Each structure stands twice: as C-alpha cells, then as structure tokens.
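The values are calculated or read from the model by the stated rules, or taken from the named source; none is laboratory data. The shown structure was predicted, so the numbers you read here are calculated from the model rather than taken from an experiment. Methodologically, a virtual Cβ is constructed for each residue, glycine included, from the backbone with ideal geometry; neighbour enumeration extends over all protein chains shown. The area values use the complete protein model at the heavy-atom level, side chains included, leaving out ligands, DNA and RNA. Shrake-Rupley method; radii C 1.70, N 1.55, O 1.52, S 1.80 Å.
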Amino acid sequence: MRSVYIVMGLVVMGLTTQGFALNEKETQLKDFITAHVEKVKPLEKQMNLAWWEAYTTGDPGAYDRLSELTLQIRRIRSDPTEFTLLKNLKESGQVKDPLLARQLVVLYNSYLENQIEPDLLKQIVELGTQIEKNFGSFRGNIDGKKVTDNEIVDILKSETDSAKRQKAWVASKQVGAAVAPDVVRLVKLRNQAARKLGFDNFHTMSLAIGEQDVKEVDKVFNELYELTNKPFAKLKAELDGILARKYAISPKELMPWHYHDRFFQETPLVYDLDLDAYYKDKDVKSLAERFYAGIDLPVEAILAKSDLYEKEGKNPHAFCTDIDREGDVRVLCNLKNDEYWMETILHELGHGVYDKYLDYSTPYLLRQPAHTLTTEGMAMFFGRLSRNPAWMQQMLGLSKAQRAEIEKVSDKYAQLKQLIFARWAMVMYYFEKELYANPDQDLTKLWWDLVEKYQMLHRPPSRANPDWAAKIHISTSPCYYHNYMLGEMFASQLHHYIVYNVLALKSDKGVSYIGQKAAGEFLRDKVFHAGDLYLWNTMIEQATGEPLTAKYFVQQFVK
Ligand SMILES: [Zn+2]
C-alpha cells in the first residue's frame, strides 16, 4: 500500500493495484514490464559499475565496456515493434491502474528518445562528436599568438587594461566562428529527427521527453523574469559602479569583457570572500557525515562505497551514482579541505540521500528521482550550506565575530550569484527555444538581443561573430540548461516550505538545518519516497502545496 496524500482539499488515494482486476491491456503491459525489467535491470547495473570503474581508474577496458553496455540498452529501447506496442497501449486509454499507467509513461518516453532512424542518428552522433572535438582542439589567439583557455580565464579575472581584456574576450569567442556552421547543421538534423516523430522541433521534443511542457516552463521563466527585473537592475548598477572604478572608466563604457566571466554567468570576484581558511584545518568528509546523521539521513553506507580522494587516472570532477536502485549508492569526489569541496560533497550527498532513501517497494522503473531537476534541486539545497554563516559557525566552531565577518558579504554574494545565474539561464533557455524554432534566422542578432534584455550587457558595436556558438552546451547538452535553474527554484521552494511549515519558524534568518530531524524526515517521506511515482510537478505540489514557482527563489535571494 502506498500513502494517502491530501492535495488541495481532495483526498487522492495512493497508487495501488490491489483489489482491482486488470483488464486485457493492463495485463499485456504488466507482462511487457516484467520481461523488460528482467532484461535491462542487470544490464543497467553492469553499465553503472563499468561507469564507476572507468571514472575511478581511467581504465580503457572499463570505458569500452561502458559504451558497449550503453549501446546494448539503447538497442533494446530502439526496437520499433516494442515501441509500437507501447504506443498502442498508451493510445488505447485502457491502462487505468495508476501504477501501471505511470510506468507506461516512463517506458514510452525511454523508447521514444531512441526511435530516431539509425541513419539519421548516426549523422547526429558523428556531427556532435566532430563539434566536440573541434571545441577540444581549438585555440583562440591574441595578436596572432595562440592562447589556452586558462590564459583567457586568468586575463578576464585579473587584467585591468580594457584593451587587453577585450582581446582575451574576443579570443574566447573565436571558437564560435569555427563551429557555428556545423552547429546549425546539427540543429537542423535534430529538428528533422524530431519532426519524423511528430514534434514541431527538437526543443519541443526534448522537453516533452523530460515531461515538460514548453508553456509550463515559459510560465515559470516569465515569472522569474518579472520578479528579478528590478532587483537585478539595481544589483547590476552597483556592480557596474565597482567594476567601472576598477578599470577607471564610466559605467556606460562597460562592455561584456569587463565582467570576469566570458558569458557573465558567474559572479565577478568583487564581493567574494575567502572561505577556504575556515575549512583548512577541518575534515570536510566527517563534517558532511556528521551533518547528514544529524538530520536523520545517515550517509555512512554511501561514504563506505565511495571514492573520495585524488588518485592517478581518476576523473577530476565529482558525481553521484545509484548502481542498482537497491541501495548501492556511491559518490566520486576529489576532496580537499576547502569550501569548494565542502559544497561539492554536500551537493553529491544530496543526490545520494535521494537515491538511498527511495522506497524500495516501488516498481523498478519508478524507483528513481522524479526528474533531473528535482535531484539537482535537492543537491543544491544541501550544497548551499557550505557558505551559510549559521551552518559554518556551528559546524566549524567559529566565534560570533567570525560569523559576523562572513555575514557581511555572504548574503550579498549569494544574491549576486543567484541573480546573475538566473538572468544568464534565461538567455540560454530562450535562445535554444528560438534556435530550434528557426535555425535560419540571424542568430547573432537573436543572441545579443537576449543578452541585452536579460543580462543587461552592452552589445559590442557591429559584432558579427556567432558568439552564441562558443557556448559548448548548445552543441553537447541541448535543451537541458533550463533544468539547472528549475533545480535552484525547487531548492528554494523546499527551503521555504520546510522553514515555515515543517519547522514552523517565523523567519529563515539563521536557519542552518543542523540537527533538524524533522527536515530530513519530511524530505524522505514527501520527496524521496515518492520516487518517480508522479510527474515531477505533481510531486512538488504534493510535497509543498504548490507547483514549481519562482516566488521562493526570489524571496530567498532578493532582499
Ligand atoms: Zn548535481
């Protein structure tokens, strides 16, 4: 039996198959699911283990096994006969049992994305790989001399001479011209594939496969735009003042190369505070372990299976993986005792507790987070704590004076960071939407129109270079970027609900979640246990009383 949820005054019975006789279509689906899970479950486990081995050791043999197993699973889900069967079941409207109906949706989508004709898929994969390679090997140049990415980053971080900054920024965009024609070709191939499957374009299809409706995402992004417009303008004017003084120019003369980051997606280092000193003599692993134990979401079992420190051949980044949906959850990190890795391990363990505390009695296909945006949001929720002054004070044993020192800049920094990212995410979301709707339009103009509108940057005069194409995500992770932003909003919505409803506090000032077992219990019962039993936005509404909204993100970060 599943739990009973109370939604907006209506009592909705939990999903159960008990007591109902299955009709013919339902029986057919049930048998299909049994056979399908029997095939893919062991393969997915082997694939995850190969992935783990590849990333922890760098062993080429493990990488080969990983791509072989990935392909095997794709092959199962590309079977056109099985897809037709699922499609017919879906269109019959006869699958009424909620648990079976939900599995049908998840299965259908996993088959749908693999229905691209083999020839067309081959072209898409090959062109995508080619573009990725060109990105990898391209070097911009300054005054005819090739420069590395790190050199560009360094100049944009610290150079005070505007002419030198401009040259470095221009060099960072040269890759755009080198790849743009291929990216447009790739967009058209993706559109061709989407149209054959009955969608307007690839953007619409990608969102649909992720169970997102363009109108629904537009609505949330529009809300975010409206609510952040004025506060962003204010913060940016302040920032512009500081930057202009640094470069000894007037704010009107500030150009995109004055913002420390080539896309102005990250916070210029003007309010940043060195938090590393506070973590230097601590052990970030045991801090994370102690914190999660305190909210009743213990992570010892995850840490015991994890690979946490740097070693030869190991991937330098971080991730979390659920090997078998039966509790074998692992985290890869390259821990050092600094703020970056404190945030990272809290973030990865946020994914980790979501996977670890899923309800194992849920059918295999639904035993996963509701959406990448919900697990990303959970990870962000916990990751944010590494800069939270109250959390730091208590976890690190800081004095009142030290906490006050951190508070002086941390709020400002968090606001700036979140607002800058939000406005940048809007550029990405609307650009991709328009790009797939009409790849033949003047994309350079479109890009700068959006950058002006959302990021409030000055368009460099007569700029004809396809600067948009220099953003690698457009080629390699299409139509995905908006999920990072939706994840941030989900994190804030949970924060708001837990503070005011679960912990019944009057304000979120000084909230650190340390030792708050009720917070952990709420997350386990309302978010993790729900798994993928409901559409992501239904889960959010059931957990917090409202579908996803930008409101609480704005409340948290706009003061
Ligand atoms: Zn993550």
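General observations
- Breaking point among (1) in contact with an Asp or Glu (Cβ under 7 Å, 6 or more places away or on another chain); (2) modelled with pLDDT under 95; (3) over 29 Å from ALA180 (Cα atoms), for GLN130: (3)
- Those residues of the stretch 319-338 which are within 14 Å of the ligand (Cβ to nearest atom), part of a loop (DSSP other than H, G, I, E, B) and not hydrophobic (A, V, I, L, M, F, W, C), in sequence order: none
- Out of TYR413, TYR430, one residue alone is at pLDDT below 95 and either open to solvent by 10 Å² or more (accessible area, probe 1.4 Å) or in a loop (DSSP other than H, G, I, E, B) (or both). It is TYR413.
- Residue selected from the stretch 378-388 under the condition open to solvent by 20 Å² or more (accessible area, probe 1.4 Å) and closer than 16 Å to ALA277 by Cα, by the criterion nearest to the ligand (Cβ to nearest atom): ARG387
- Of the criteria (1) basic (Lys, Arg); (2) within 27 Å of TYR309 (Cα to Cα); (3) more than 16 Å from the ligand (Cβ to nearest atom), which one ARG367 fails: (2)
- The stretch 289-308, residues that are of a type in the set (Lys, Arg) and closer than 23 Å to HIS529 by Cβ: LYS305
- Residue, farthest from the ligand (Cβ to nearest atom), within the stretch 303-318, restricted to residues that are at pLDDT below 95 and open to solvent by less than 60 Å² (accessible area, probe 1.4 Å): GLY313
- Scanning the stretch 83-134 for residues that are part of a helix (DSSP H, G or I), touching a residue at least 40 places away in the same chain (Cβ under 8 Å) and charged (D, E, K, R) yields a total of 2.
- Looking at LEU494, LEU505, LEU523, just one residue is under 25 Å from GLN393 (Cα atoms) and open to solvent by 30 Å² or more (accessible area, probe 1.4 Å), and that residue is LEU505.
- Residues satisfying the stated conditions in the stretch 460-473, i.e. modelled with pLDDT of 95 or more and either assigned to a helix (DSSP H, G or I) or surrounded by fewer than 18 Cβ atoms within 10 Å (Cβ to Cβ) (or both): PRO460, ASN465, ASP467, TRP468, ALA469, ALA470
- Residues that are in contact with a strand residue (DSSP E or B) (Cβ under 7 Å, 6 or more places away or on another chain), surrounded by 17 or more Cβ atoms within 10 Å (Cβ to Cβ) and at pLDDT below 95 do occur in the stretch 143-151.
- The residue pairs whose first member lies in the stretch 153-168 and is touching a residue at least 40 places away in the same chain (Cβ under 8 Å), whose second member is of a type in the set (Gly, Ala, Ser) and not in a loop (DSSP other than H, G, I, E, B), and whose beta carbons are closer than 8 Å, counting only pairs six or more residues apart or on different chains, are LEU156/ALA168; LEU156/SER172.
- Flag for PRO268 being farther than 23 Å from ALA50 by Cα, in contact with a helix residue (DSSP H, G or I) (Cβ under 8 Å, 6 or more places away or on another chain), more than 16 Å from the ligand (Cβ to nearest atom) and at pLDDT below 95: yes
- Pairs meeting the criteria (first residue in the stretch 310-331 and closer than 19 Å to GLY383 by Cα, second residue open to solvent by less than 30 Å² (accessible area, probe 1.4 Å) and among the small types (Gly, Ala, Ser), beta carbons under 7 Å, at least 6 apart or on different chains) are CYS320/GLY352; VAL329/GLY352; ARG330/SER306; VAL331/SER306; VAL331/GLY352.
Every residue, every condition in (1) among the polar types (S, T, N, Q); (2) farther than 16 Å from GLY531 by Cβ, yes or no:
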site: GLU310; (1), (2): no, yes
site: ALA318; (1), (2): no, yes
site: ARG325; (1), (2): no, no
site: MET342; (1), (2): no, yes
site: HIS351; (1), (2): no, no
site: LYS356; (1), (2): no, no
site: SER361; (1), (2): yes, no
site: MET380; (1), (2): no, yes
site: ASN388; (1), (2): yes, yes
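- One residue from ASP359, ASP442 being charged (D, E, K, R), more than 16 Å from the ligand (Cβ to nearest atom), surrounded by fewer than 17 Cβ atoms within 10 Å (Cβ to Cβ) and closer than 24 Å to MET47 by Cβ: ASP359
- Here TRP51 fulfils each of the conditions (1) under 29 Å from ARG195 (Cα atoms); (2) in a helix (DSSP H, G or I) apart from (1).
- Residue among THR375, THR344 that alone is closer than 30 Å to LEU104 by Cβ and either crowded, with 22+ Cβ neighbours inside 10 Å or within 11 Å of the ligand (Cβ to nearest atom) (or both): THR375
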